[in-house]
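Peer 1: Below is a structure I'd like to ask you about.
The values are calculated or read from the model by the stated rules, or taken from the named source; none is laboratory data. What you see is a predicted model, and the numbers here were worked out from it, not measured in a lab. Counting neighbours? That spans all protein chains shown, and the Cβs are built from the backbone with ideal geometry, glycine included.
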Amino acid sequence: MFTKLYSATTVGIDSNIVTVEVDVSIGLIQWYIVGLPDAAVKESKQRIASAIKNSGIKYPDRKVTVNLSPADMKKEGSIFDFAIAVALLDAVEIISIPQFLKEEAIFIGEIGLDGNLIGARGVLAIAADAIKLNKKYIVVPYSCAEEAFLIKDIKVIAPKSLHEFVSWIINKNIEFYTSNNQLDEFDKFIKFNMKDVYGNNKGKRALQIAAAGHHATLLIGSPGSGKTLLAERLSGLLPKMTIDEKIEVTKIYSVSGNLKNRKLISERPFYTPHHTISMAGLVGGGSIPQPGAISLSHKGVLFLDEFLEYRRNCIEVLRQPLESRKITISRANAEYTFPADFLMIAATNPCPCGYYGDTRRKCSCSQFEIKSYLQKLSGPLIDRIDLHVGVYSNEKPIVVNEGKEISTEDLIGGILAARETQKKRFNSLVFLNGHMSGSETMKYCKISTDAKKALDIAYEKLSLSCRGYFKVIKIAQTIADIEKEDLINLSNIQEALSFRIMDML
């Protein structure tokens, strides 16, 4: 007696079909699981045997062979429990699974010893890929069914226990669910407002440019100057996520096990790892690689406070994802790719004591100490950060100016206008000025004669690299887009150069 069903597993945030084949024959009562199973998969036989007995179903006294294919892909975790149990019951003819479920359904979920179905990681990722995998149905534990409900064009079967599913099959009364199509119901993001930050108009302008063109930013200033306040309000300047972006971000959180009770992540992530984070925690890793902080910041903001206190290897590992917008983690048996399209905002003090350049407190550091401190940031990394902004705390926090501060509402109009201009220019929903390559910068950015002359002079005097040269053009293009100008002019280039203070040290 033989049965074949389909399950799935995640590799990165993508899904792979796993065929679950169960053969039952007369012989010694033994279990064999083949197909590169890990320890958790091998232990499924004990969970399934107890679950079947405790569900009031006679356990088959037979020799059972389970094959998980493709055989050359390592199978990890307890996600295959439900598929194996259902295939076993069908193979011994306790139930008869309808042919359409055998061919067009994906079964996933862990089984408890009492027969109840337990949620699994990556349900949303698997449901989102089901149509691409030529499947129309997904059978998941009821506890994680709402993840699957978010995907259109897929029918969801969500039993609470093995006993309930068996009853549905025997009584031919399977309950189907479809997408509730109420994705925007959960869009309750509360914005911090820029008007809460006193002064720091230069920093506010820099974050407006960063949000408009997706430019990585470094805020440099003394303690209490407002760097963290500014960074925390950046999410409020970013446009709302599209439905596709919400699904993509939620998939990452589903795979990592961080979705918890949230149905859909509808606000842009704002992730702030502590400076003691490990490299694996930042980029992702583990024996079964999971997304790290930079992937959990996908389509949102990664804020690295006290930037120079991070381990040197953690800082340097940011180079590649800042440009490629993805992370690939290699293992002996597979490669795992996680998206990492994040907007990085870093903040640091200008020197060890923190008060270099502050007019209110005297810096106690020598020039050598200041230079050594800033040299923790390597040239290649600084080159990949678009905006370097000085944030100062010289203004007095007087009540007279209350209500006159630059607010989020004052800035967001220019951001939306710039984003719309970029959408028309690039004919794409996701292509922004900060994403342009050198050749694309030359193709799309039109510069006036006097602006080009000023840029060439700066290139020589500041010893800019080619990457730095193009960074200035991209920043100037974003400024021009905010100001609704068709051509990059001299003032745009000058303002862009004012946001490259690290090149002047």
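Peer 1: Between HIS298, HIS214, which is in contact with an Asp or Glu (Cβ under 8 Å, 6 or more places away or on another chain), of a type outside the set (Gly, Ala, Ser), in the same structural domain as TYR355 (by TED's automatic domain parsing) and crowded, with 21+ Cβ neighbours inside 10 Å? Lay out the reasoning, then the answer.
Peer 2: Details: HIS214 fails: in contact with an Asp or Glu (Cβ under 8 Å, 6 or more places away or on another chain).
From the options HIS298, HIS214, the qualifying one is HIS298.
Peer 1: While we're on this one: Please tell me if ALA332 is assigned to a helix (DSSP H, G or I), over 30 Å from PRO239 (Cβ atoms) and outside the structural domain of ARG121 (by TED's automatic domain parsing). Steps first, please.
Peer 2: Working: assigned to a helix (DSSP H, G or I): no; over 30 Å from PRO239 (Cβ atoms): yes; outside the structural domain of ARG121 (by TED's automatic domain parsing): yes.
So ALA332 does not fit the description; no.
Peer 1: Of everything in segment 335-360 that's aliphatic (A, V, I, L, M) and not in a loop (DSSP other than H, G, I, E, B), which residue is surrounded by the most Cβ atoms within 10 Å (Cβ to Cβ)? Don't jump to the end; show me each part of the working.
Peer 2: Let us first name the residues in segment 335-360 that are aliphatic (A, V, I, L, M), namely 340, 343-347.
Okay, now just the ones that are also not in a loop (DSSP other than H, G, I, E, B), so 343-347.
On the way: LEU343: 26, MET344: 24, ILE345: 30, ALA346: 25, ALA347: 23.
Filtering segment 335-360 for residues that are aliphatic (A, V, I, L, M) and not in a loop (DSSP other than H, G, I, E, B), the one surrounded by the most Cβ atoms within 10 Å (Cβ to Cβ) comes out as ILE345.
Peer 1: Within the set of pairs 6 or more residues apart or between chains, which connect a residue that is farther than 20 Å from SER235 by Cβ inside segment 280-306 to a residue that is among the acidic types (Asp, Glu) with Cβ atoms less than 6 Å apart?
Peer 2: ILE288/GLU76
Peer 1: Output the qualifying pairs, or none if there are none: Cβ atoms under 8 angstrom, residues six or more apart or on different chains, first residue in segment 223-242 and within 17 Å of SER297 (Cβ to Cβ) and assigned by TED's automatic domain parsing to the domain that holds SER266, second residue acidic (Asp, Glu) and assigned to a helix (DSSP H, G or I).
Peer 2: Note: pairs meeting the criteria are ARG233/ASP196.
Peer 1: Name every residue in segment 448-505 that is under 17 Å from ALA216 (Cβ atoms), basic (Lys, Arg) and in contact with a strand residue (DSSP E or B) (Cβ under 9 Å, 6 or more places away or on another chain), in order of residue number.
Peer 2: Hits for segment 448-505 are LYS471, ARG500.
Peer 1: Same structure again: With the structure loaded, tell me whether GLU460 is under 28 Å from the mean Cα position of the chain (by Cα), outside the structural domain of LEU219 (by TED's automatic domain parsing) and among the acidic types (Asp, Glu) or whether it fails that test.
Peer 2: Values: under 28 Å from the mean Cα position of the chain (by Cα): no; outside the structural domain of LEU219 (by TED's automatic domain parsing): yes; among the acidic types (Asp, Glu): yes.
Spelling it out, it is not the case that GLU460 is under 28 Å from the mean Cα position of the chain (by Cα), outside the structural domain of LEU219 (by TED's automatic domain parsing) and among the acidic types (Asp, Glu).
Peer 1: Would you mind finding the one in PRO352, PRO321 that is touching a helix residue (DSSP H, G or I) at 6+ places or on another chain (Cβ under 6 Å), of a type outside the set (A, V, I, L, M) and more than 16 Å from HIS298 (Cα to Cα)? Let's see the steps before the verdict.
Peer 2: Working: PRO321 fails: more than 16 Å from HIS298 (Cα to Cα).
Result: PRO352 is the single residue among PRO352, PRO321 that is touching a helix residue (DSSP H, G or I) at 6+ places or on another chain (Cβ under 6 Å), of a type outside the set (A, V, I, L, M) and more than 16 Å from HIS298 (Cα to Cα).
Peer 1: If you don't mind, another one. For segment 94-105, indicate whether the set of residues that are surrounded by 18 or more Cβ atoms within 10 Å (Cβ to Cβ), in contact with a Ser or Thr (Cβ under 7 Å, 6 or more places away or on another chain) and of a type outside the set (S, T, N, Q) is non-empty.
Peer 2: no
Peer 1: Oh, and also: Mind checking which strands (runs of 3 or more DSSP E) fall wholly inside segment 1-92 and carry at least 1 residues that are of a type in the set (S, T, N, Q)? Give the steps one after another, and end with the answer.
Peer 2: On the way: elements: 2-11, 14-25, 31-34, 63-69.
The strands (runs of 3 or more DSSP E) meeting that bar are 2-11, 14-25, 63-69.
Peer 1: Yes or no: GLN494 outside the structural domain of LEU207 (by TED's automatic domain parsing) and surrounded by fewer than 20 Cβ atoms within 10 Å (Cβ to Cβ)? Show your work before the answer.
Peer 2: Numbers: outside the structural domain of LEU207 (by TED's automatic domain parsing): yes; surrounded by fewer than 20 Cβ atoms within 10 Å (Cβ to Cβ): yes.
Yes.
Peer 1: Picking from MET436, MET502, which residue would you name as being within 26 Å of the chain's Cα centre (by Cα) and not aromatic (Phe, Trp, Tyr)?
Peer 2: Details: MET502 fails: within 26 Å of the chain's Cα centre (by Cα).
MET436 is the lone residue from the list that is within 26 Å of the chain's Cα centre (by Cα) and not aromatic (Phe, Trp, Tyr).
Peer 1: Does segment 134-152 hold any residues that are farther than 18 Å from VAL255 by Cα and out of contact with any Asp or Glu (no Cβ under 9 Å at 6 or more places or on another chain), and which are they? Lay out the reasoning, then the answer.
Peer 2: Step one: filter segment 134-152 for residues farther than 18 Å from VAL255 by Cα, giving 134-137, 152.
Correct list: LYS152 only.
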